[in-house]
There are 2 protein chains.
Amino acid sequence: MTKPQFRSWQSVQEEVLRRIHAREWTPGALIPNEADLAEEFGCSRATVNRALRTLAETGLLDRRRKAGTRVAAQPVAKATLDISVIRMDVEARGQRYDHQLTDRATTRPPMAVSAAMQAPTTSDMLFLKALHLADGQPYALEDRWVNLEVVPEASEERFDAISSNEWLLRHAPYTHGDIAFSAANATEGEAQALGCAPGAALFIIDRLTWNRSKAVTKVRIVFAPGHQMRTVL
Amino acid sequence: MTKPQFRSWQSVQEEVLRRIHAREWTPGALIPNEADLAEEFGCSRATVNRALRTLAETGLLDRRRKAGTRVAAQPVAKATLDISVIRMDVEARGQRYDHQLTDRATTRPPMAVSAAMQAPTTSDMLFLKALHLADGQPYALEDRWVNLEVVPEASEERFDAISSNEWLLRHAPYTHGDIAFSAANATEGEAQALGCAPGAALFIIDRLTWNRSKAVTKVRIVFAPGHQMRTVL
DNA sequence: CAGATTAATATGTATATACTTAATATTATT
DNA sequence: AATAATATTAAGTATATACATATTAATCTG
């Protein structure tokens, strides 16, 4: 019998996936070690390693040194969402993008904001409020606090040619951040700005980004009713 | 001058990140090729490759053969959400999990469902409705259609010891799927089941999973008001 | 000059080898 | 028998080398 040849890490990965889906390897089961698989597949261990490591990153395999590799008992699906600039989202839908800066102030943020950003309550921040439009229709509302200690140049920017959303990505890189998705009923003000009924269910993104130990910006994006965020598994 | 040594791909990655954050390499700029970086860092090209490849996966770098590697002009943040079994979510919050199967039928799905699942409108599917509880309080509502052609065993299962949510993950592996997040106002029925006011904004997950070319299950999970889904960037 | 051919280049990948590290199993010691 | 020292195991990583592939640049050709 001729040994099947799997010459690329992708083909090894496909074969491993096939075995999992065909239930040759069931959830929780220990699979052969890299060296054995390499021999069986007629490739090097590095190739098997790459295939298995990539599958482990998707949550389908659990790997531990010495303990070996198992098919995940509870495959935790990892959905990767691309959080892009709003302009790109709108343009990807084939619509014309536009934005309006509706409010701007340099003032002390509320306690909740300075606390979340771990900034002194005494220092001013730049507050921005903008409306994003798709084909002239309200698409999303943006409420943003910018830490001027980290991004002093923001004071000089007018945010008319380029939205604050986009400007910050380009001028204020972040090392890490957290993001939360939720739903809320439209307030009177939101309803007016978005042209919907008060109380309408709105999809919301809250994001807080950091550069090293300093908070860069805190933003809340409120989408018009019906907004969906989709991705593949 | 002694050449700094970067002996692991992680340390190379950190140095690359440092240069990007310090704006030594600005968005859109072409960075040196792998061979040059390897020499500069005193490591092999494979090590640099792994560091850069991983950064490209996060969207921070754009890489193309022959064209080289650039710092992404529009860094598309990739937020990875762990979509786990609801039981695990609840238990991770330190709450007691429970579930009730509130409805069950083997019937023809509505057109919209059979169309989305690319199944004949004439064949029956298993319909399940369940309430997930956290510390006895309503946590989420689940509406599910199961393709019995793909998972006939589901007919025999009572879904009392184990939720349909969890049972399917274990017994009906999928090759791919899509998922959508949105917000909607609570219907009368949802409000009653979740113990909230009608019209309350609810966070919703719609998921459709496939095994090869066959739809496995279509599920809609409606969370109680206030639900957040969070992750890091 | 347009279009096809060819060369050059940077990333992408495969391989053998060697060593590291975390976790477990075994053995020795008290 | 409990504890500590040691060996073993399997994944994790680094390296040199070689070749593949996509893409661009340069060159040739009609």
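Restricting the calculation to Cα atoms, segment A:86-223 yields a radius of gyration followed by a Dmax of 14.9, 44 Å. If you run the Gaussian network model on chain A, springs between alpha carbon atoms under 10 Å, then out of A:ASP62, A:ASP36, A:ASP89 the most flexible one is A:ASP36.
The Rg/Rh ratio for the protein assembly as shown is 0.99, where Rg is the radius of gyration of the alpha carbons and Rh is the Kirkwood radius. Relative to the longest principal axis of the Cα atoms of chain B, the long axis of helix B:45-57 makes an angle of roughly 40 degrees. At q = 0.14, 0.17 Å⁻¹ the log10 of I(q)/I(0) for chain A amounts to -0.90, -1.11, computed by Debye summation with a single uniform scatterer per C-alpha, solvent ignored. What separates the Cα centres of segment B:137-192 and segment A:109-152 is a distance of 38 Å. Since only B:GLY177, B:MET111, A:GLY199 are under comparison, the one whose Cα sits farthest along the positive direction of the charge dipole of the protein assembly as shown, derived from C-beta charges on Lys, Arg, Asp and Glu, is B:GLY177. Would you mind checking segment B:193-229 for residues with the amide N under 11 Å from a putative spin-label position 7 Å along Cα→C-beta of B:HIS171? Counting only backbone N, you get no residues. Here the simple spin-label model places points 7 Å from the Cα toward Cβ, and for A:ARG18 and A:THR102 these points are separated by 5.6 nm. Distance from the alpha carbon centroid of segment B:91-106 to that of segment A:1-61 works out to 35 angstrom.
Can you find, among A:SER123, A:ALA35, A:LEU148, the residue sitting farthest towards the positive end of the charge dipole of chain A, where Lys and Arg contribute +1 and Asp and Glu -1 at Cβ? The residue sitting farthest along the positive end of the dipole is A:ALA35. Sorted shortest first, the separations between the A:LEU17 label point and its copies elsewhere in the assembly read 2.8 nm; each point sits 7 Å from Cα along the Cα-to-Cβ line.
Given contacts defined as C-alpha pairs under 8 Å and at least six residues apart, what's the relative contact order of segment A:162-202, whole-number percent? Kindly include the intermediate steps, with their values, before the conclusion.
Details: 25 pairs, mean separation 12.6, N = 41.
The value is 31 percent.
Once you average over the residues of B:162-174, how many Cβ atoms of partner chains fall within 10 Å of each Cβ?
On the way: counts 0, 0, 0, 0, 1, 0, 0, 7, 6, 2, 0, 10, 4.
Whole-number average of other-chain Cβ neighbours for B:162-174 is 2.
Taking chain A as the reference, fit the longest principal axis to its C-alpha atoms, fit the long axis of helix A:9-21 to the helix C-alpha atoms, and give the angle between the two in degrees, 0 to 90, nearest 10. Orientation of helix A:9-21: about 80 degrees from the principal axis. What's log10 of I(q)/I(0) for segment A:32-126 at q = 0.13, 0.20 Å⁻¹, Debye sum over Cα points only, no solvent? Here the Debye-derived log intensity ratios amount to -0.75, -0.99. Each other copy places its own label point for A:ARG53 at 0.7 nm from this one, sorted shortest first, where the point lies 7 Å along the Cα-to-beta carbon line.
Give me the net charge of B:ASN211's neighbourhood, meaning all other residues with Cβ under 12 Å from the Cβ of B:ASN211; Lys, Arg count +1, Asp, Glu -1.
Values: positive: A:ARG18, A:ARG23, B:ARG212, B:LYS214; negative: B:GLU149.
Charge balance near B:ASN211 sits at +3.
Using the Cβ of A:GLN95 as centre and a radius below 15 Å, the other residues enclosed give a net charge of -1, where K and R count +1 and D and E count -1.
Given a cut-off of 15 Å, what percent of all Cα-Cα pairs of segment B:9-71 lie beyond it? Could you put the intermediate results ahead of the total?
On the way: 858 of 1953 pairs.
In whole percent, the share of Cα-Cα pairs in segment B:9-71 beyond 15 Å is 44.
Each helix, a run of at least 4 DSSP H residues, gives -39500 (n - 2.57); summed and divided by the residues of the protein assembly as shown, these come to -7500 deg cm²/dmol at 222 nm.
Using 32 Å as the Cα-Cα cut-off, could you pick out the over-long pairs in A:LYS218/B:LYS218; A:LYS78/B:LYS214; B:LYS78/B:LYS214? Intermediate values should be presented prior to the final figure.
Working: A:LYS218/B:LYS218 35 Å; A:LYS78/B:LYS214 21 Å; B:LYS78/B:LYS214 29 Å.
Pairs exceeding the cut-off: A:LYS218/B:LYS218.
If the segment from B:ASP124 to B:ASP160 were pulled out straight at 0.36 nm per residue, it would be longer than the present Cα-Cα gap by 10.7 nm. What residue among B:VAL113, B:VAL90, B:VAL76 shows peak mean-square fluctuation when chain B is described by a Gaussian network model with Cα springs under 10 Å? Result for chain B, Cα springs under 10 Å: B:VAL76 fluctuates most. Placing pseudo-labels 7 Å out from each Cα toward the beta carbon at B:ALA116 and B:GLU188 gives an inter-label distance of 2.3 nm. Ranked from shortest, the separations from the 7 Å Cα-to-Cβ label point of B:LEU30 to its equivalents in the other copies are 5.2 nm. For segment A:134-144, putting each phi into the Karplus relation 6.51 cos²θ - 1.76 cosθ + 1.60 with θ = phi - 60° gives couplings of 10, 6, x, 8, x, 10, 7, 10, 10, 10, 9 Hz, in residue order, rounded to whole numbers and with x for Gly and Pro. Considering only A:ILE204, A:ILE221, A:ILE20, the Gaussian network model of chain A with Cα springs below 10 Å gives its largest mean-square fluctuation to A:ILE20.
Can you give the mean number of other chain Cβ atoms that lie within 10 Å of the Cβ atoms in peptide B:129-139? Don't skip to the answer; put the middle values down first.
On the way: counts 0, 0, 0, 0, 0, 0, 0, 0, 0, 0, 0.
Mean partner shielding for this stretch: 0.
A simple charge model with +1 on the Cβ of Lys and Arg, -1 on the Cβ of Asp and Glu and nothing else charged puts the dipole of the protein assembly as shown at about 1480 debye relative to its Cα centre.
FYI, it's all coordinate maths here, none of it is from the lab. Keep in mind it's a predicted model, so treat the numbers as computed, not measured. Reconstructed Cβ throughout: ideal geometry from the backbone, glycine too, with neighbour counts over all protein chains shown.
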